[in-house]
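Asks: I'd like to ask some things about the structure below.
The values are calculated or read from the model by the stated rules, or taken from the named source; none is laboratory data. Note that the structure is a prediction, hence the values are computed from the model and not measured. No Cβ is skipped: glycine too gets one built from the backbone with ideal geometry, and neighbour counts run over all protein chains shown. When the accessible area is computed, the model is the full protein with side chains, heavy atoms only, and any ligands, DNA or RNA have been set aside. Shrake-Rupley method; radii C 1.70, N 1.55, O 1.52, S 1.80 Å.
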Amino acid sequence: MQAKSHSHRKSSIGEEPPPLQSKEEHSKRLQLKDSNWYKVSQSETLNRLNSNKDLGLSEEDIISRRSKYGKNNLTESKKQSKLVRFLKQFNNSVIYILLVAGVFTLFIGHISDTVVIGIVVLVNALIGYIQENKAESAISKIKQMLVVNATVIREGQRIDIDASELVLGDIVYLEAGDSVPADIRILEANNLKIQESVLTGEADSVQKNEKTLIGTVTVADQTNMAFASTSVTNGDMTGIVVATGDYTEIGKINQSINDVKQEKTPLIISINNLGKYISYAIVLVAVLLFGFGVLFKIYEIPVLLLSVITMVVGSIPEGLPAITSVILAIGVQNMARKNSIVKNLPSVETLGSVNIIGTDKTGTLTKNEMTVKDIIIQNHQYIVTGDGYSPDGEIFEMEGKEGLLTNKSSKKIKNKLKIEGDLKKLILIGALANDATLNQEEGKWIINGEPTDGCFLTLCKKANLDTSDFVEIDKIPFDSDFKYMAKIVDLNEERYLVVKGAPDKLMDIISNSNSEFDKTYWQNQMTLLAKQGKRVVAVAYKKISQDIQIIEHKLLRTDLILVGLVGIMDPPKEQVIDAIMQARNAGVKVKMITGDHPDTAVEIARQIKLSDENRVITGPQLDKLTDTELSSVIQDYDIFARATPENKLRIVKAYQANNLITAMTGDGVNDAPALKQADIGISMGIKGTDVAKESSDMVLADDNFSTIVDAIKEGRRVYDNIKKTIKFLLPTSIAEGLIVLISIILNNPLPLEPVQLLWINMVSAITISFAFVFEPVEKDAMNKKPRQKNESIIKSQDTIRILYVATLIAGLGLIISQHLTSLGISKDIVSTVTLNIVVFCKIFYLFNIRTEGTAISKNLFTNKIAFLVVAILIVLQMMITYLPQMHSVFRTAPLQIKSWLYPLYCGFIVFSIVEIEKFLSLKLRKIK
Ligand code: ATP
């Protein structure tokens, strides 16, 4: 392609405003007031902003402009102040109950109790605040990872930059699927359509062009402008940035559309509800108990009231929702570290129940490093050596008989050949019907654009050919629906239509208009290449009249000449085979959805062991089925070849009609509906369009299939750990309540003082509640079937365990305290032993709950945090037991060494009984 060389122009058309750099004031005026760029001609716009369409800005310009206007970011709306967020933690029913208790103790003169209650209230609020912050910062870090890139021309090079780096006057190239990164005056548009609903409310895409407008028009009618936060749905464009950041139209209404949503997940909602019901039940029991106590004159009223309040506080699992959010948020953070950026919390849960992953092939299962390996023209076959985009490699002709070509590997290679005739045409057309650029950076050859385009540029360099004499007139960019790309180009006063695309598509077009076309020959050649797992692209052209300026699809329908086929190698990623095996073991079926030929798809599926049968159906076959027919046969297929984005949407719906939770990957603008429809829409971070990323629930930063499987594993870990937290917190909380309840009913003195119960609550909240946040994944997590979506988090078996463990801990505490009292041991010592019994039972039970398998195994030490929090808890227990200052406040007393045997024995009893129960229920489940 001819490089149209321009120098930075200083002259102008129309009025002569001062140059941009001359005065800062002038620059500000440009950003702030001059928003009528649609009225300004292209050359004038370039002139005013001192830019150049082909060369873009210089490094110097960029630096000075950025220092003037800052980054191309929208100012974030103000967050709540830290103090307000802290104060909000006091708006909580448990805190209210505690405050009532605090006032009450003050009233009856128990000042030390008031102080303890005050501290507990503060600690509770502080924990809530820290947890909320932790969850939020995890989510906002994820938000920062969703960077939008922009393709710009700077110093004559086409490069991708972070869109926040854009400055006024930057020349930007946008294509279908891109988000518009700033307000841009269009300089050149090809079939351009932009969806502007965020700004105008209009759902349909608007046709855009570069023509200067006259008069004053509203934003919705500015057809030569592309506005920030809208998205390109068709065609492509080049334009110049005229406003950035807050100065853009969207900036003026300050609305960020790409926010990560921190929604309440179904799980959090059901946990909140669970917490609420339990709280109501506890309050009811407390009221009844108080009535009972008063009626039977069990304790003195103040002691009774305080005991009942403590029971309520002790047994309400108030930390549950907060800790659940933290587990989810940390899960999201872990996933991000492993390259899956989850945009909303509910997806973390849904991931654990995925049944089907519908995945693209190119770039997700394969490396997306395309290399042309074979060229077939009429009666000749060539092989191309070299790998990747480096032009190191040569083209050799294969020997073969007429009517060609065998698939034998022992082909003899002829001497180095001359590139001429159809071979030359094919290589040139491949490089002309192209939207990529190939450059050498730091010794490495890299492409900007589609790999399928890039490999043709490498081929052209390998052949030592050059397209700079051709001039591009118009083009149809590649589109997965049409599966080809076409351009009109001029060479020496001659005009040509050049096309490259899916062979079957082009062959159909050609055979419709040309009865002489030897379709069978070409189909055989195509199959030959496809069966080797290669992507096949056909190259065609025709000469056209000089009058034709604009390219339309119908221009291809007549006189197109097929020059030849190209076989492109795109090997599978190494990790994919293992990831597919893991998914299959985890009961998740992987389906390949590809635009490629069925033979190519089947061969790649075989290489990656997609399934045992690799049954294939094509898009056109699928189009013939009704929705009902499709959903009844969908489970018979593993591969969907020659599929279009529309097919994807139907495929997702068909699986969902079979009650299967479906994850679907996508990258193009047309994939958006399927991504939205899927239970988990997964977009590609590298090759994905901005539109796909916005429509998805999860972005794969590395475009790698195995990342999805890792995310499923993490999703299962998160869910299991939330479940473990509930299974841990409920019985231990209930146990504390039961101790008070049973003592009152039996009219026994309380073995634990209210402040002691508050202490247990407080120290557990700051230590062992966190143990499950970092619990590693269960070793058989990926050998289980996916969880049913609406499966209840607490099963009947769990309820039984919750109840018996609560009774066991309470019972042990009560029995031992009775026993010690009967031996005449002082009340303070009895209380201290009982307090330690409850805490030690919690510690031992924590290790029961860590795994569904046997607790004592080589996995015992996998969660270092669990040991750390236990160590902290033991230190705190030592403090309350031995520090004299604590004794007066908490009414505790130092214990002799042998007294520690009670808590240890009790902990061990709980641990052993739960282990036996786990073992028996595992056996029972196996028998079932
Ligand atoms: P996958 O789902 O595996 O990622 P895909 O959706 O990327 O595949 P398409 O891009 O729709 O598949 O490609 C379908 C066919 O279109 C290819 O087999 C190839 O023949 C042709 N093709 C792909 N990219 C180009 C391109 N840039 N120029 C011309 N033809 C192309």
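Asks: Kindly sort D490, D508 by accessible area of their heavy atoms, largest first, with the probe set to 1.4 Å.
Replies: D508, D490
Asks: Going by accessible area, probe 1.4 Å, with all protein chains left in place, what is the ranking of R925, R615, R717, largest first?
Replies: Descending accessible area places them as R925, R615, R717.
Asks: While we're on this one: Around R891, what is the net charge, scoring Lys/Arg as +1 and Asp/Glu as -1 over all other residues with Cβ under 12 Å from its Cβ?
Replies: Taking every Cβ under 12 Å from that of R891, the sum is -2.
Asks: As a test question: what accessible area, to the nearest 10 Å², does V148 have when a 1.4 Å probe is rolled over all protein chains in place?
Replies: Accessible surface of V148 is approximately 40 Å².
Asks: Here's another thing I want to ask about it. Taking a cut-off of 12 Å between Cα atoms, list the aspartates and glutamates near K500, but don't count ones fewer than 8 places away on the same chain.
Replies: D435, D453, D479
Asks: Where the only charges are on Cβ atoms (+1 Lys, Arg; -1 Asp, Glu), what is the dipole of the chain about its Cα centre, to the nearest 20 debye?
Replies: 3080 debye
Asks: For the chain, what does -39500 (n - 2.57) per DSSP helix run (n ≥ 4), summed and divided by total residues, give at 222 nm, in deg cm²/dmol to the nearest 500?
Replies: Mean residue ellipticity, 222 nm, calculated: -15000 deg cm²/dmol.
Asks: Points 7 angstrom from Cα along the Cβ direction at M886 and V219: gap in nanometres?
Replies: 6.1 nm
Asks: What Kirkwood hydrodynamic radius do you get for segment 615-736 when you take the inverse of the mean 1/r over all pairs of distinct Cα atoms, in Å?
Replies: Over segment 615-736, the inverse of the mean reciprocal pair distance is 16.2 Å.
Asks: I would also like to ask the following. Looking at P451, I473, A436, which one has the Cα that reaches farthest to the positive end of the dipole of segment 371-569 (charges on Cβ: Lys, Arg +1; Asp, Glu -1)?
Replies: Working it through, the farthest residue towards the positive pole turns out to be P451.
Asks: Can you compute the radius of gyration and Dmax for segment 371-569, using only the Cα atoms, both in Å?
Replies: Cα radius of gyration and Dmax of segment 371-569 are 16.2, 51 Å respectively.
Asks: In addition: Ignoring ligands, DNA and RNA, how do Y247, Y541, Y277 rank by accessible area with a 1.4 Å probe, largest first?
Replies: Ranked list, largest accessible area first: Y277, Y247, Y541.
Asks: Using Cα centres only, tell me the gap between segment 180-233 and segment 83-109 in whole Å.
Replies: Measuring centre to centre over Cα atoms gives 56 Å.
Asks: With every protein chain left in place, what is the accessible area of S93 in Å² (1.4 Å probe, nearest 10)?
Replies: 80 Å²
Asks: Taking segment 583-683, which GluC sites (Glu not before Pro) meet the DSSP loop condition and have no more than 16 other C-beta atoms within 10 Å?
Replies: Sparse-neighbourhood loop GluC sites (Glu not before Pro): E613.
Asks: Under a crude label model (7 Å from the Cα following the beta-carbon direction), how far is N272 from V115 in nanometres?
Replies: Result: 3.8 nm between the two label points.
Asks: Going by alpha carbons, how many degrees (0 to 90, nearest 10) lie between the helix axis of 320-337 and the longest principal axis of the chain?
Replies: 30 degrees
Asks: Here's a follow-up. Aspartates and glutamates within cross-link reach of K779: Cα-Cα under 17 Å, excluding same-chain residues under 8 positions apart?
Replies: Candidates past the 8-residue exclusion: D578, D710, E714, D720, E852.
Asks: If I take R0 = 51 Å and measure r between the Cβ atoms of V471 and I63 in this structure, what FRET efficiency does the formula 1/(1 + (r/R0)^6) give, to the nearest 0.05?
Replies: Result of the calculation: an efficiency of 0.90.
Asks: Work out the FRET efficiency for E394 and N585 from their Cβ-Cβ distance, taking R0 = 51 Å, and round it to the nearest 0.05.
Replies: E(calc), rounded to 0.05, equals 0.70.
Asks: Also, I was wondering about something else. Mind checking segment 418-487 for GluC sites (Glu not before Pro) that DSSP puts in a loop (not H, G, I, E or B) and that have at most 10 other Cβ atoms within 10 Å?
Replies: When the GluC sites (Glu not before Pro) of segment 418-487 are filtered for loop state and at most 10 Cβ neighbours within 10 Å, E420, E442 remain.
Asks: For a label point 7 Å from the Cα of F919 along Cα→C-beta, name the residues of segment 829-856 whose backbone N is under 20 Å from it.
Replies: Counting backbone N atoms under 20 Å from the label point, the list is 844-856.
Asks: Moving to a separate point now. Carbon and sulfur atoms: what percent of the 1.4 Å accessible area of segment 371-569 do they account for?
Replies: After summing per-atom areas, the C and S share lands at 45 percent.
Asks: Mind pulling the angle between the C-alpha long axis of helix 864-882 and the longest principal axis of the chain? Nearest 10 degrees, somewhere in 0 to 90.
Replies: The helix 864-882 is inclined about 20 degrees to the chain.
Asks: At a probe size of 1.4 Å, how large is the accessible area of T807, to the nearest 10 Å²?
Replies: Rounded to the nearest 10, that gives 80 Å².
Asks: Obtain the nm distance between the two label points defined at K926 and K858 by a simple spin-label model: each point lies 7 Å from its Cα along the Cα-to-C-beta direction.
Replies: Going by the 7 Å Cα→Cβ label model, 1.9 nm.
Asks: Would you kindly calculate the translational diffusion coefficient of the chain, applying Stokes-Einstein with the Kirkwood radius from alpha carbon pairs, for 37 °C and a viscosity of 0.692 mPa s, and quote it in µm² s⁻¹ without decimals?
Replies: 102 µm²/s
Asks: Separate question: Per residue, how much accessible surface does the chain expose to a 1.4 Å probe? Answer in Å², no decimals.
Replies: 44 Å²
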